[in-house]
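Beneath this line is the structure, given in structure tokens, with notes to follow.
Laboratory data are not the source of any read-out in this text; all were calculated from the coordinates shown. In this text, all values refer to a predicted model and were calculated from it rather than measured experimentally. Using ideal geometry, Cβ is built from the backbone for each residue, glycine included, and neighbour counts are taken over all protein chains shown.
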Amino acid sequence: MQNLEELDALQQEGLKALEALNNSAELPHWYREYLGRKGRLTTLLRGVGNLSAEERPLAGRRGNEVKKALEDAFQTRQDSILAGELEASLDEAVDITLPGRPLTPGHLHLSTRSMRNYREIFAEMGFQVYEAPEVETDENNFTLLNIPPYHPARDMWDTFWVNDEVVLRTHTSPGQIRCMRQYHPDPIRVILPGKCYRFEQITPRSEHQFYQIEGLAVGHNIRMTDLIGTLRQFAEKMYGEGRRMRIRGSYFPFTEPSVEVDMDCILCKGQGCRVCKHTGWLEIAGAGMVHPVVLKNGGYDPAEWSGFAFGMGVERPAMLQHGIEDIRYFYGNDLRFLRQF
């Protein structure tokens, strides 16, 4: 049968040609010639339909056998050639007597370095560090801070709820309750650093996760002037003497009276930019005198004790200090940005 003889001859010729290949660049050419859609084996198999009814099954079976034999031989030869080329490249490129390449040492993230800087500044003013959990109860995060259920002030924070009673803390303020209840009845002067979470739009000046530094001082005869002096001292130590600062009246449920503290924008020198919303000022802290209800919930009698509290971001002051125009760089994992610090 002529067709069977042609298939046998094609198999022998293909195997012989495959064995003669010396590099991986020749493999695709062989495959297209013998096994491709327009290859020689495909052309022969198309002629099976022209055979008689008795010859077609034999030719079809033999064609499948030849195809499998060539495919298996190709895979074996390909593995052999690739392994040989890899070994040859290693022998040529690698000198095992050379010393290893030194590993590039890592370093602290800019947010971590900034927080450590803030700790040092506040430590000089007598503040200790108090750690509080990032996952909080609704009671600590809201209710005990003078924000009972269904209070409209809860809309000030876009909250990530774990369940009906547990949240990812929206601010570091719930640490105030934990701290007061732990240290009552002693005076308190602490900062509470940590990460906060809010379900809000990401922009050049706001993230859905960010770091805050909370400050709390509780004692006898503490006044608003003590709070303003503390924040002014921080601004001068952080950004240098001569910084302009302004105090604006505001509202926070857990302080009364409440203020917001702004500093002249270093990036635009007060001319206006997208970070300061073209006002020339950038908010660095929300603050105020601790609300009597919060003092009472913490275990202190507001008739005898008073205190101040403040909360400031970590990334925004770092943006001012280093001239960074987009807060999204902090968490973008771009090594070109991170290696600068």
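Annotations
- Normalising the Debye intensity of region 2-93 to I(0), with uniform scatterers on Cα atoms only, and taking log10 at q = 0.18, 0.20, 0.21, 0.22 Å⁻¹ returns -0.78, -0.90, -0.97, -1.03.
- Value of Rg/Rh across the chain [Cα atoms, Kirkwood radius]: 1.40
- Residues PHE127, PHE142, arranged from fewest to most other Cβ atoms within 10 angstrom of their Cβ, appear as PHE127, PHE142.
- On the basis of the beta-carbon distance and an R0 of 41 Å, LEU98 and THR76 show a calculated FRET efficiency of 0.70.
- Cys residues of the chain counted as unpaired, since no other Cys beta-carbon is under 4.7 Å: CYS179, CYS196
- For VAL166, residues with placed amide H under 5 Å, excluding near neighbours: ASP138
- Peptide packing: for 309-317, 156-164, 297-305, the average count of neighbouring Cβ atoms within 10 Å per residue gives the ranking 309-317, 297-305, 156-164, highest mean first.
- Lysine-lysine proximity count for the chain, Cα under 16 Å, sequence distance 8 or more or distinct chains: 4
- As a rough guide to protection, the peptides 67-76, 170-179 ranked by mean Cβ packing within 10 Å, highest first, stand as 170-179, 67-76.
- Difference of contour (0.36 nm per residue) and Cα-Cα distance, ARG328 to TYR150: 60.8 nm
- ARG46-GLU5 pseudo-label distance in nm [points 7 Å out on the Cα-to-Cβ vector]: 2.4 nm
- 3J(HN,Hα) from dihedral phi, region 329-341, Karplus parametrisation 6.51/-1.76/1.60, rounded to Hz, x for glycine, proline: 4, 4, 10, x, 6, 8, 5, 4, 7, 5, 5, 6, 10
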